[in-house]
Amino acid sequence: MAKNVNVATMPETIATSSRALAVSSSNFEQLKKNLTDVYENRAKLRKQLTKVKFNYFITYIFSSSEKRQDKKNLINELAKSLENAYINLNFRKGMKDAGSWDEAIYYFQELFQCCKIWDLTSRQDTDKFRQRTIADESLERKLITTRVHKSLEFIKSDVDNLYLPNMNGADIYIYPTFIVLFKNYKKFSIHDLKDVDISIQASSFQEEQGVPKDSEVIGHTYKYTNKNGQPDKRFNNNYEIPVVRYGDFRLRSDSGINERYQFSDFDKFADFAKAFTTYLQANLKTFVEGRII
């Protein structure tokens, strides 16, 4: 008689689809067009400014003082035009709880300084029996090493944005009402934050690559275990593995957004999660998937 065997599923890539980068939410199409126009104008002005500056320095000796002054004036005009080429967005007056957004920004900046941040790029359900493990899933992840906060140069806002670098796709800029996926000005999209499922929760992770100094070890397991969690003595060198509590942040949408991050400092993650969840519940959602503690 054939037996039913629990075979592990195929790996699932955690990455935003190309469709999500190409199509914006319908209510933000006009904003995307305006941003594209501004970006192209900035590119044109920057090119002109570079050309004029180069010409100014090359011909400086051979130009009269009057011509040099004319070129200086043109440089200043182009620089001022570039400085003023942006879209100004005002969110604060429309927020029901602006303080929670400000807190989320503050705590996220603190969280961004934690020892380790990973971009999770693939997951797979485990076959616990065959793999002799108590883990529900196995994950592939890439360490984020660049921790510089970024804003989009063609947007000026009365509030700051959240920024998440993406190791396998477009970077993520989160504003109070929308998310911008940005690769370059020809490849970016805007998605209504109300249409994005946000999971903010604790995760238990079997850490075999060294426990970060700001992480909490909540238990131990073994490379190979029995159903009761005890070490399977049939395996040699069945070493002990620390189980660590991390913060798990995931964004998903029907439009194709699929991103997931892991943070080493759970206490800082919990502070951010509380503030961000408070903002979402007050302004956009009645429920946020996941739990904070």
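General remarks:
- The residue of the range 60-103 that is modelled with the lowest pLDDT, among those that are among the small types (Gly, Ala, Ser) and more than 23 Å from Phe154 (Cβ to Cβ), is Ser63.
- Exactly one residue out of Asp197, Asp192, Asp171 is under 19 Å from Arg19 (Cβ atoms) and open to solvent by less than 20 Å² (accessible area, probe 1.4 Å), and it is Asp192.
- Qualifying residue in the range 24-45 (condition: assigned to a helix (DSSP H, G or I), farther than 30 Å from Thr177 by Cα, hydrophobic (A, V, I, L, M, F, W, C) and at pLDDT 90 or above): no
- In the range 174-189, of all residues being of a type outside the set (Lys, Arg) and open to solvent by 10 Å² or more (accessible area, probe 1.4 Å), the one that is nearest to Asp37 (Cα to Cα) corresponds to Tyr185.
- On the stretch given as the range 263-276, residues that are surrounded by fewer than 24 Cβ atoms within 10 Å (Cβ to Cβ) and either within 16 Å of the chain's Cα centre (by Cα) or under 12 Å from Pro176 (Cα atoms) (or both) total 0.
- Residues in the range 105-158 that are modelled with pLDDT under 95, of a type in the set (Val, Ile, Thr) and assigned to a loop (DSSP other than H, G, I, E, B): Thr126, Thr133, Ile134, Thr145, Thr146, Val148.
- Test: residue in the range 209-225 that is open to solvent by 20 Å² or more (accessible area, probe 1.4 Å), at pLDDT below 90 and under 24 Å from the mean Cα position of the chain (by Cα): no
- Members of the range 49-82 found to be open to solvent by 70 Å² or more (accessible area, probe 1.4 Å) and under 37 Å from the mean Cα position of the chain (by Cα), listed by number: Thr50, Lys51, Lys53, Asn76, Glu77, Lys80
- Of all residues in the range 173-189, those satisfying the criterion of being within 14 Å of the chain's Cα centre (by Cα) and under 22 Å from Arg92 (Cβ atoms) are Tyr173, Ile174, Tyr175, Phe178, Ile179, Val180.
The values are calculated or read from the model by the stated rules, or taken from the named source; none is laboratory data. All figures in this text were calculated on a predicted structure; none of them were measured in a lab. Cβ sites come from the backbone with ideal geometry, for glycine too, and all protein chains shown count toward neighbours. For accessibility, only protein heavy atoms count, side chains too; no ligands or nucleic acids. Shrake-Rupley method; radii C 1.70, N 1.55, O 1.52, S 1.80 Å.
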